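See structure below.
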Amino acid sequence: MNSEKTYQGSCFCGAIQFTVSGGPDAMGYCHCDSCRHWSAGPVNAFTLWKPEAVQVTQGAENIGTYNKTPRSYRKWCKTCGGHIFTEHPGMGLTDVYAAVIPDFPYRPGVHVNYQETVLPIKDELPKMKDLPKEMGGSGVSVAE
Ligand SMILES: [Zn+2]
Ligand SMILES: [Zn+2]
């Protein structure tokens with residue numbers, strides 16, 4: 001019932017299928033310790049969507065949830081352990097990892113939590129010390 005573009009996403013094994021529709025509110029890279037530890041990678045490529053833009057189309061019963069804090073509900077596949085997305089109820093946004101929506105034209109605009117980086121990236125995009133003001137951070141920029 002809508003003409004928005006839809007992109008397919010899945011977990012590592014494919015048991016969970018989902019779509020994202022329209023466009024995200026923000027895209028970028030997060031360097032925070034939580035993202036690194038959860039993803040087991042040096043940086044997390046995020047795309048932030050309104051919750052209603054993310055629809056699970058297959059395998060909903062196969063989704064595990066973990067929330068270390070009430071700010072982040074992390075979702076993964078109970079079969080393969082692959083991560084799919086993280087709900088941030090406080091922000092009213094869902095972080096769909098860019099890596100799990102391979103056909104989506106990911107265009108990062110910002111690096112956040114750059115003060116915690118273990119992998120400095122010199123790409124001339126803005127570097128936020130923590131988060132933008134509108135996301136509850138200081139809004140302070142730092143050098144690459
Ligand atoms: Zn899976
Ligand atoms: Zn993070």
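The values are calculated or read from the model by the stated rules, or taken from the named source; none is laboratory data. Model, not experiment: these values are computed from the prediction. Ideal geometry is used to build each Cβ from the backbone, glycine not excepted, and the neighbour counts take in all protein chains shown. Note: accessible area is taken over every heavy atom of the protein model, side chains too, but ligands, DNA and RNA are not part of it. Shrake-Rupley method; radii C 1.70, N 1.55, O 1.52, S 1.80 Å.
Miscellaneous remarks
- Residue within segment 11-33 that is open to solvent by 40 Å² or more (accessible area, probe 1.4 Å), within 14 Å of ligand 2 (Cβ to nearest atom) and farther than 12 Å from Y97 by Cα present: yes
- Residues of segment 116-144 satisfying the condition of being among the polar types (S, T, N, Q) and without any contact (Cβ under 8 Å) to a residue 40 or more places away in the chain: S138, S141
- Filter pass, Y73 being part of a loop (DSSP other than H, G, I, E, B), away from ligand 2 (no atom under 13 Å from the Cβ) and under 13 Å from the mean Cα position of the chain (by Cα): no
- Candidate set from segment 1-52 (those that are assigned to a helix (DSSP H, G or I) and closer than 14 Å to H88 by Cα); member that is nearest to the chain's Cα centre (by Cα): C35
- Residues satisfying the stated conditions in segment 119-138, i.e. assigned to a helix (DSSP H, G or I) and within 22 Å of H37 (Cα to Cα): M135
- Complete set of residues in segment 54-80 that are open to solvent by 40 Å² or more (accessible area, probe 1.4 Å), touching a Phe, Trp or Tyr at 6+ places or on another chain (Cβ under 7 Å) and touching a residue at least 60 places away in the same chain (Cβ under 8 Å): C80
- Candidate set: segment 102-118, residues that are touching a helix residue (DSSP H, G or I) at 6+ places or on another chain (Cβ under 9 Å) and assigned to a loop (DSSP other than H, G, I, E, B); chosen: the one farthest from P132 (Cα to Cα): F104
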